[in-house]
Amino acid sequence: VLGREYPDETCSISRSLEIVGERWTMLILRDALLGLSAFEEFRESLGIATNVLTARLKLLCGEGLLVRVHDGEASQRSHYLLTEKGREMGPVLFALMKWGDRHYPTQHGAPRLTLHAGCGGEVVQSLHCLACGERVTLEGLDLPLAPAFAHQPAD
Ligand SMILES: [Zn+2]
């Protein structure tokens, strides 16, 4: 149980939320974990205003969750890749997704399946596979759209 006797600035949850407590920030991290990396990919996936996306990417780079990699001297384009610190948000987002699946499913159920890649077993919130019992890493997680969502855009 979290005591309320200490002030918010000494609470690590409060301090983490200073960085990732904003909706767009978490959704950018979600998309990065799903493999998106280009500015335009994030913009199209999120339907986010360009200036807001720019500000959020800058924050995430400044805090070291993403790193901006230029495509080359001839190109103005760059990609945003997760750092180890950013990847560590993966289990947090996975837990949030599983919590949402349980408590706020859509009328068609959970939008994505959570499968152990190569095994096909269901991965539960603790990141264990129900079929083989292994602890699954983010790399070993397969998140295909559920059949009812396979022909609709993901969100
Ligand atoms: Zn498995």
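Here are the numbers for the structure shown:
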{"quantity": "Positions within the range 114-141 being buried (at least 16 other Cβ atoms within 10 Å of the Cβ), more than 8 Å from the ligand (Cβ to nearest atom), assigned to a loop (DSSP other than H, G, I, E, B) and among the hydrophobic types (A, V, I, L, M, F, W, C), in sequence order", "calculated": "L127"}
{"quantity": "The one condition in (1) near the ligand (Cβ under 10 Å from one of its atoms); (2) under 19 Å from the mean Cα position of the chain (by Cα); (3) farther than 28 Å from S16 by Cβ that P144 fails to fulfil", "calculated": "(1)"}
{"quantity": "The range 1-28 residues that are over 14 Å from G86 (Cα atoms), paired with ones that are at pLDDT 70 or above and assigned to a loop (DSSP other than H, G, I, E, B) (beta carbon under 7 Å, 6 or more apart)", "calculated": "W24/I48"}
{"quantity": "Filter pass, D101 being within 16 Å of the ligand (Cβ to nearest atom), surrounded by 14 or more Cβ atoms within 10 Å (Cβ to Cβ) and not hydrophobic (A, V, I, L, M, F, W, C)", "calculated": "no"}
{"quantity": "Unmet criterion (only one of (1) over 16 Å from L81 (Cα atoms); (2) surrounded by 17 or more Cβ atoms within 10 Å (Cβ to Cβ); (3) at pLDDT 95 or above) for G47", "calculated": "(2)"}
{"quantity": "Check on L81, within 15 Å of the ligand (Cβ to nearest atom), under 20 Å from V20 (Cβ atoms) and either under 19 Å from the mean Cα position of the chain (by Cα) or among the hydrophobic types (A, V, I, L, M, F, W, C) (or both)", "calculated": "no"}
{"quantity": "Of residues in the range 104-113 being in a strand (DSSP E or B) and not polar (S, T, N, Q), the one farthest from the ligand (Cβ to nearest atom)", "calculated": "G109"}
{"quantity": "Selected residue (only one of E84, E73, E41, E63 is among the charged types (D, E, K, R) and in contact with a helix residue (DSSP H, G or I) (Cβ under 6 Å, 6 or more places away or on another chain))", "calculated": "E63"}
{"quantity": "Subset of the range 6-25 (residues that are surrounded by fewer than 16 Cβ atoms within 10 Å (Cβ to Cβ) and either at pLDDT 95 or above or of a type in the set (S, T, Y) (or both))", "calculated": "Y6, T10, S12, S14, S16"}
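The values are calculated or read from the model by the stated rules, or taken from the named source; none is laboratory data. Just so it is clear, the structure is predicted and the values come from calculations on it, not from any experiment. Glycine also receives a Cβ, built like all others from the backbone with ideal geometry; neighbour counts cover every protein chain displayed.
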